[in-house]
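Readers should treat all values here as calculations from the given coordinates under stated rules, not as data from a laboratory. Worth saying up front: this structure is predicted, and the values here are computed from it rather than measured. Heads up, the Cβs are rebuilt from the backbone with ideal geometry, glycines too, and the neighbour counts pull from every protein chain shown.
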Amino acid sequence: MNHSPANLHAAPSLRTPRPGGFYRSTKTYDHNEGLSCCFRQWRADHSHCRLVHGYALAFHFVFSTRELSALNWCLDFGGLKPVRKWLHDMFDHTVVVAQDDPHLAEFERLAAMDLLDLRVLPAVGCEAVARIAFDHVSQYVAAETDGRVWVECVEVREHGGNSAMYQEGPPPE
């Protein structure tokens, strides 16, 4: 096969994959990102996880598309600055508790005294945080790409040994 530049220019566009195919790209905000966050799993009465404890969280996003941009990209990583800001707002030096935590009023009192930066979520844990990040970033990416790109998976790592993921299939064509 002749791979001269003239023949490469005659090749079909690679912006659209073969039938059934799609492109993926990933973005990671690693443990060194500084997302130091405290949690409390109040339902874990059998475990020390019922106590306030912290992690330097890491997030790994998988983005997918059926058609690359005019630049032949799935997603412009430079456009993810608002995602990074949201992650820092939510998980950098914050305390995360569930909205049904029986001691929520105490956490709110400490927050009112400016002793902690409280985030109240529907549920707490890596799985729940992965879903919350998935939902938030999915809305952002869909709006920024006119629905061309979707979030396929979000992985949240507590540390090198523990992580949880939330994933959905591609949207209907």
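Using Cα pairs closer than 8 Å and at least 6 residues apart in sequence, work out the relative contact order for the range 23-167, in percent. Numbers along the way, then the final one.
Working: 259 pairs, mean separation 40.2, N = 145.
Once divided by the residue count of the range 23-167, the mean separation gives 28 percent.
What nm value, rounded to one decimal, do you get for the distance between D117 and D146 when each label is placed 7 Å out toward the C-beta?
Going by the 7 Å Cα→Cβ label model, 3.7 nm.
Counting each DSSP H run of 4 or more residues in the chain as -39500 (n - 2.57), what helix-only mean residue ellipticity at 222 nm follows after dividing by all residues, to the nearest 500 deg cm²/dmol? Before the final figure, lay out each step's value.
Details: 4 runs with 44 residues, N = 173.
Roughly -7500 deg cm²/dmol at 222 nm, from the helical runs in the chain.
Would you mind giving the three semi-axes, in whole Å and largest first, of the ellipsoid equivalent to the range 23-167 according to its Cα gyration tensor?
Working: eigenvalues 193, 45, 34 Å².
Listed largest to smallest, the semi-axes of the range 23-167 are 31, 15, 13 Å.
Mind giving me the FRET efficiency for L71 and N162? R0 is 45 Å, r the Cβ-Cβ distance, nearest 0.05 is fine. Before the final figure, lay out the partial values.
Working: r = 36 Å, r/R0 = 0.81.
With a Förster radius of 45 Å, E is 0.80.
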